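This report refers to the structure that appears directly beneath it.
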Amino acid sequence: MTSDYDVYIIINNLFDYIKALKHKNDFKRFINIRISLPLSVTFIWQPLVNLRLVSVQARVIWGDLALEKAFEQTPPPPTINNLRIGYLFLIRSLTSGLERRDMLESAIVRALWSYLLSSNVSRRNWHNIFSLKYDLNYLKEEKDLDPQIKNTIESVLKKKLSASELNKCYTDDKLFETAKFILHKSYNRTKVKFRLKDYIHYICYKLDTKSLTEIWTNFTKVRLEMFRSLVDLIDRDFDIKDQSRFDDIMLKAERMLGYEKRKDFKNKNEKINYCCNLMIKLGNIYIHKTRAFP
């Protein structure tokens with residue numbers, strides 16, 4: 001089980017970073033007193049916060065409390081971040097086995113956040129969006145969603161808040177279709193633009209793997225389109241609706257990742273699992289995950 005929380009360490013200079021690394025064991029003990037689940041720790045250069053160049057939704061648990069006012073002024077995160085993660089959870093649910101239920105529930109939460117962030121009204125109060133209690137209250141007033149869709153999302157949120165079991169009427173198929181519907185709806189009202197940060201991550205991966213194929217591409221847009229297309233092509237019976245289109249997506253992913261084209265599959269399930277794993281690999285391309293940038 002992993003945490004939905006991250007820890008941000010705000011630093012002023014390189015010496016602060018070195019100092020934090022030197023005392024990392026003390027820092028871990030400090031954090032473990034409060035939260036026992038695994039955490040992601042991120043270092044942020046303070047001028048980026050002051051200049052509103054990063055999105056931070058956080059509370060100060062140690063240090064200058066005045067930073068909270070600076071956090072409140074930071075811009076909302078791009079909608080496509082939660083779209084990407086939501087689609088990834090949905091894709092992972094196709095190959096997760098026993099964890100399928102957890103993947104689907106996480107996909108629904110991320111789908112809802114992307115839906116809220118794609119709304120101009122919600123973006124003005126974006127710091128509340130990542131509170132599940134706020135999300136529940138929002139759904140009560142939401143009029144654009146089908147009542148059945150709302151009921152499914154509400155049940156997932158209540159389950160996560162109370163750690164109770166989800167009603168058996170909410171089958172895996174129903175959760176999958178709900179997450180897919182909300183993600184698609186969010187995608188349709190989001191302008192997916194070229195993002196230099198994503199492209200730099202992609203190029204660093206390509207240099208690290210010594211692959212020169214598919215370099216000149218709008219990585220942000222193409223990757224998201226591939227995720228969307230894949231979840232549309234695989235139906236409830238784990239069948240591929242359009243074999244030719246599916247093969248095109250798989251070939252595109254292989255070229256982007258620098259893999260050789262694979263032809264030998266024992267059955268359709270192995271082929272779907274292989275393609276899903278390609279997508280997960282594409283979704284997790286970051287500088288710190290390449291050998292050149294440890």
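The values are calculated or read from the model by the stated rules, or taken from the named source; none is laboratory data. Given the structure is predicted, the values throughout are model-derived calculations rather than measurements. Positions of Cβ are backbone-derived with ideal geometry, glycine not excepted, and every protein chain shown enters the neighbour counts.
Consider G86 carefully, then state whether it is surrounded by fewer than 18 Cβ atoms within 10 Å (Cβ to Cβ), of a type outside the set (A, V, I, L, M, F, W, C) and either at positive phi or modelled with pLDDT of 85 or more (or both). When the stated conditions are applied, G86 does not pass them.
Of everything listed in (1) in contact with a helix residue (DSSP H, G or I) (Cβ under 6 Å, 6 or more places away or on another chain); (2) modelled with pLDDT of 90 or more, the single unmet condition for F181 is (1).
With respect to the conditions (1) under 15 Å from R92 (Cα atoms); (2) at pLDDT below 90, K271 lacks only one, and its number is (2). If the condition is being over 20 Å from E260 (Cα atoms), modelled with pLDDT of 90 or more and part of a helix (DSSP H, G or I), then the range 201-218 contributes no residue at all. Scanning the range 150-165 for any residue that is loosely packed, with under 15 Cβ neighbours inside 10 Å, of a type outside the set (A, V, I, L, M) and not in a helix (DSSP H, G or I) turns up at least one such residue. Screening Y202, Y187 for residues that are in contact (Cβ under 8 Å) with a residue 24 or more places away in the chain, touching a Phe, Trp or Tyr at 6+ places or on another chain (Cβ under 7 Å) and of a type in the set (S, T, Y) leaves exactly one candidate, Y202. Looking only at the range 56-67, decide whether some residue is closer than 27 Å to N188 by Cβ, at pLDDT below 85 and not small (G, A, S). There is at least one residue in the range 56-67 that is closer than 27 Å to N188 by Cβ, at pLDDT below 85 and not small (G, A, S). Within the set F227, F176, F181, the sole residue that is assigned to a helix (DSSP H, G or I), assigned by TED's automatic domain parsing to the domain that holds K271, of a type outside the set (G, A, S) and surrounded by 12 or more Cβ atoms within 10 Å (Cβ to Cβ) turns out to be F227.
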